[in-house]
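Here is the structure we will look at.
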Amino acid sequence: MNMLALDTPDQDYWTNFYSDSKFSKEFHIPSQFSAFCLSEMRASEIKRVVEIGCGNGRDTLLFLQHGLSVIATDKSDAAVRSVQEKFGSHNNLRTFTFDVASVDSIACQDHEQPLAIYARFVLHALTNEQIKRFFNFCSGSTRKGDKVFVEYRTCHDKDRQKEFAGHFRNFLDPSHIEDLSQQYKFALCYQTIGTGLAKFRDDDAHVARQVFTKES
Ligand SMILES: C[S@@+](CC[C@H](N)C(=O)[O-])C[C@H]1O[C@@H](n2cnc3c(N)ncnc32)[C@H](O)[C@@H]1O
């Protein structure tokens, strides 16, 4: 019998998920979080986004449609290929397949314009060690004043109803994520925590939204 290990990320889970045309090819509505971030990015005159864990690209498309330059990345090649196929005609899009926990930076810090790193529903797909590597990547890819936008499931979400069960989720303590970010020279500049921010069908996730600014 095949046992599904829920205590570590399943290497193939997201590739299988985005290989299913239902999740990769159909139009999807952008997340509430992406609309919030777009507004915040505009206010900070951010025009460049590095998206980690872009999935089917629903948030990538919103950013492109509003004139941002987007580097859309994911560990799943199926996801990245689908984003490239669907939205590759946008001049402002570049796509890359990589595991954020295995690279130290992406070479985009030479530009003068401010940068955002955006990761929605990605942190809780990582182990604690991979989350450290995520912040290491953010630190290596940003300069003073750049921002990191994250939304993820909190520890209070663990026993709530889920729409897609049966895969690894690391339910996180937002204060722990804030402490960790400080070790990588980020300061929390906004957070909100609760339900009603990321509802999907019967899955009204208890989430944290956090925005960090690079301090030096
Ligand atoms: C829950 S989905 C979120 C997708 C999209 N951001 C959204 O909100 O619809 C999590 C995504 O993170 C990606 N992911 C998981 N672990 C990753 C890693 N170590 N590096 C990069 N991407 C990863 C998965 O392939 C998947 O596309």
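The set of residues from region 67-98 being within 11 Å of the ligand (Cβ to nearest atom), closer than 20 Å to L115 by Cα and of a type outside the set (F, W, Y) comprises A72, T73, D74, T97. For first residues located in region 8-19 and more than 10 Å from the ligand (Cβ to nearest atom), partners that are assigned to a loop (DSSP other than H, G, I, E, B) and polar (S, T, N, Q) and lie 6+ apart or on another chain with Cβ distances below 8 Å form the pairs T8/T127.
Candidates in region 184-216 are the residues that are in a loop (DSSP other than H, G, I, E, B) and without any contact (Cβ under 8 Å) to a residue 40 or more places away in the chain; of these, the one that is farthest from R153 (Cα to Cα) is R201. Among the residues of region 101-149, those identified as hydrophobic (A, V, I, L, M, F, W, C) and over 19 Å from S76 (Cβ atoms) are A107, C108, L115, A116, F135, C138, V148, F149. Against the list (1) surrounded by fewer than 17 Cβ atoms within 10 Å (Cβ to Cβ); (2) assigned to a helix (DSSP H, G or I), the condition S181 fails is (1). Taken over region 89-115, the criterion of being closer than 20 Å to N56 by Cβ and either of a type outside the set (V, I, T) or in contact with a His (Cβ under 8 Å, 6 or more places away or on another chain) (or both) is satisfied by S89, H90, N92, L93, R94, F96, F98, D99. Listed by first and then second residue, the pairs with beta-carbon distance under 6 Å, at least 6 apart or on different chains, first residue in region 149-172 and acidic (D, E) and surrounded by 14 or more Cβ atoms within 10 Å (Cβ to Cβ), second modelled with pLDDT of 95 or more and outside any loop (DSSP other than H, G, I, E, B), are E151/F33; E151/R120; E151/V207; E151/R209. Pairing each residue of region 50-68 that is touching a residue at least 40 places away in the same chain (Cβ under 8 Å) with any residue that is surrounded by fewer than 24 Cβ atoms within 10 Å (Cβ to Cβ) and charged (D, E, K, R), provided the two are 6+ apart or on different chains, yields C-beta distances under 8 Å for G53/K75.
Among residues that are near the ligand (Cβ under 10 Å from one of its atoms), in contact with a strand residue (DSSP E or B) (Cβ under 8 Å, 6 or more places away or on another chain) and not in a loop (DSSP other than H, G, I, E, B), F33 is included. The set of residues in region 39-66 that are of a type in the set (A, V, I, L, M), in a helix (DSSP H, G or I) and within 14 Å of the ligand (Cβ to nearest atom) comprises L61, L62. Are any residues in region 115-148 free of Cβ contacts under 8 Å to residues at least 40 places away in the same chain and of a type in the set (D, E), and if so, which ones? Once the filter is applied, which keeps residues that are free of Cβ contacts under 8 Å to residues at least 40 places away in the same chain and of a type in the set (D, E), region 115-148 yields only E129. A single entry from R133, R94, R143 fulfils the requirement of being surrounded by fewer than 21 Cβ atoms within 10 Å (Cβ to Cβ) and over 23 Å from A187 (Cβ atoms): R94.
The values are calculated or read from the model by the stated rules, or taken from the named source; none is laboratory data. Model, not experiment: these values are computed from the prediction. In this analysis, Cβ positions are derived from the backbone assuming ideal geometry, glycine residues included, and neighbour counts consider all displayed protein chains.
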